[in-house]
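The values are calculated or read from the model by the stated rules, or taken from the named source; none is laboratory data. Just so we're clear, the structure is a prediction, and the values are computed from it rather than from any experiment. In this analysis, Cβ positions are derived from the backbone assuming ideal geometry, glycine residues included, and neighbour counts consider all displayed protein chains.
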Amino acid sequence: MEKETTQIYGIRSVMEAIDSGESINRVFIQRGLTGASAYELMKTLKKKSIEISYVPVEKLNRLTPKNHQGVVATIAPIKFLSIDDLSEILETKKDSASILILDQLSDVRNFGGIVRTAECAAVDCIVIQSSGSAPVNGDTIKTSSGAVFNVPICKVGHIKDALFLLKQFEVPIYGASEKAEKTIYQTSFKKSQAIVMGSEDKGLSSSVINLCDHLIKIPMLGKIESLNVSVACGTILYEIVRQKNY
């Protein structure tokens, strides 16, 4: 497992970290913080004997300039899966694996939004590249509403490593591209699949496109040529959910 330390902020993010069993080192809470969510968090922290420091809001503002909601915490290193862990998931899931691959997606907010949607859509693993990808930091965790703690994230040296592994397991690889002829509504997602989303500005790299088994697109009916990558990813994932469950 590769590890990366981080600081998290926001009531929901800290609660999700606790609920998912993350090791919380220390929590800073704004003095005089009120509200049902804040009360529930403090109650949970005391129950689990997690160290709390009540500090002035100025202290929290120095820790992070973001919207911390009066709560900042430090946690143990975030755990990432290895390529071998991904192999185990594919072996276990057989014909029902749902894998999401992000090809050098670098925007933190888009990444956080995608992780949140992936958790809601029961994605088994998100694959990112070690270099050129958005960092898994406090911003990502806050944007994902803590979903980072509930979805396995695999870091690989290159996206191709994951694609070659998927081919070994005969998992169909679908690349999201405006160049595709078929739409997601003309595509069957009844069994295992891997969806590959490209970066915000460049889309899928040509080397990744060459390794995809199919290219798919979302039909655009207006004048704008494409959706935001987070919205596009959510649209595709929930078409998969619809086909598999309804």
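Miscellaneous remarks
- Checking each residue in segment 104-142 for being surrounded by fewer than 24 Cβ atoms within 10 Å (Cβ to Cβ) and polar (S, T, N, Q) picks out Gln104, Ser106, Asn110, Thr117, Gln129, Ser130, Ser131, Ser133, Asn137.
- Scanning segment 84-120 for residues that are of a type outside the set (A, V, I, L, M), more than 21 Å from Asp139 (Cβ to Cβ) and outside any helix (DSSP H, G or I) yields one hit, Ser98.
- Being surrounded by 14 or more Cβ atoms within 10 Å (Cβ to Cβ), in contact with an Asp or Glu (Cβ under 7 Å, 6 or more places away or on another chain) and closer than 30 Å to Leu165 by Cβ is a property that Ile101 lacks.
- Residues of segment 68-112 that turn out to be touching a strand residue (DSSP E or B) at 6+ places or on another chain (Cβ under 7 Å), of a type in the set (S, T, N, Q) and closer than 30 Å to Lys43 by Cβ, as a count: 1
- Within segment 184-202, if we keep just the residues that are among the hydroxyl-bearing types (Ser, Thr, Tyr) and touching a residue at least 60 places away in the same chain (Cβ under 8 Å), the residue that is nearest to Gln243 (Cα to Cα) turns out to be Ser192.
- Criterion: at pLDDT below 95 and either in contact with a helix residue (DSSP H, G or I) (Cβ under 9 Å, 6 or more places away or on another chain) or of a type outside the set (S, T, N, Q) (or both) - qualifying residue of Ala176, Ala147, Ala162: Ala147
- One residue from Lys167, Lys191 being part of a loop (DSSP other than H, G, I, E, B) and assigned by TED's automatic domain parsing to the domain that holds Asn210: Lys191
- Residue within segment 217-238 that is buried (at least 19 other Cβ atoms within 10 Å of the Cβ), in a strand (DSSP E or B), in the same structural domain as Ile101 (by TED's automatic domain parsing) and touching a Cys at 6+ places or on another chain (Cβ under 7 Å) present: no
- Note on segment 179-207: among residues that are over 24 Å from the mean Cα position of the chain (by Cα) and of a type in the set (Lys, Arg), the one that is modelled with the lowest pLDDT is Lys179.
- Test result for Ala73, of a type in the set (Gly, Ala, Ser), surrounded by 13 or more Cβ atoms within 10 Å (Cβ to Cβ) and either outside any strand (DSSP E or B) or more than 22 Å from the chain's Cα centre (by Cα) (or both): no
Quick grid of which residues meet (1) within 19 Å of Val229 (Cβ to Cβ); (2) in contact with a helix residue (DSSP H, G or I) (Cβ under 7 Å, 6 or more places away or on another chain):
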{"residue": "Gly70", "(1), (2)": "no, yes"}
{"residue": "Ser106", "(1), (2)": "yes, no"}
{"residue": "Cys125", "(1), (2)": "yes, yes"}
{"residue": "Pro172", "(1), (2)": "no, no"}
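- Given (1) without any contact (Cβ under 8 Å) to a residue 24 or more places away in the chain; (2) of a type outside the set (D, E, K, R); (3) crowded, with 20+ Cβ neighbours inside 10 Å, number of the condition Tyr9 does not satisfy: (1)
- Filter result (closer than 16 Å to Phe149 by Cβ, more than 8 Å from the chain's Cα centre (by Cα) and of a type in the set (A, V, I, L, M, F, W, C)) within segment 107-125: Cys120, Ala122, Val123, Cys125
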